[in-house]
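Structure record follows, encoded as C-alpha cells.
Read the figures in this text as sums done on the coordinates, not as results from a lab. Note that the structure is a prediction, hence the values are computed from the model and not measured. As a convention, Cβ positions derive from the backbone with ideal geometry for all residues, glycine included, and neighbour counts pool all protein chains shown.
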Amino acid sequence: MMTLQKFQQKRYVDEVVEMDKDSWWVYRRSVDFNGTTSPSARIVFFAKSKDAVESWLSAQQ
C-alpha cells in the first residue's frame, strides 16, 4: 500500500517589477486559504540586474 504524501500549498505570489534601468524589485503578496491574494504587497528583494532576481527566485523554491 502506498501512502499519500502531504503537500502544502504555496502561500505567496511573487511579482518582479523593473523600476528603472538598473533597479529590479520583487514584490510578495500573501495568498489566503480561499485562494485570494492580499491587496497589499511587500518588497522582499531588490537587485540591480534581472539575472540576480532570477537567481534569488530560484533559490526560494
Order by protection proxy (mean Cβ within 10 Å, highest first), peptides 51-57, 31-37, 19-25: 51-57, 19-25, 31-37
Shape call for the chain from the C-alpha gyration tensor, a ≥ b ≥ c root eigenvalues: rounded (a/c under 1.5), prolate (a/b greater than b/c) or oblate? oblate
Rank W56, G35, V13 by how far each Cα sits towards the positive end of the charge dipole of the chain (+1 on Lys, Arg Cβ; -1 on Asp, Glu Cβ) and give me just the farthest. G35
Helix 50-60 vs. the chain, principal-axis angle (Cα, 0 to 90°, nearest 10): 20 degrees
Can you tell me the relative contact order of the chain? Whole percent, Cα pairs under 8 Å, sequence separation 6 or more. 26 percent
With +1 assigned to the C-beta of every Lys and Arg and -1 to the C-beta of every Asp and Glu, and no other charges, what is the dipole magnitude of the stretch 12-60 about the Cα centre in debye, to the nearest 20? 120 debye
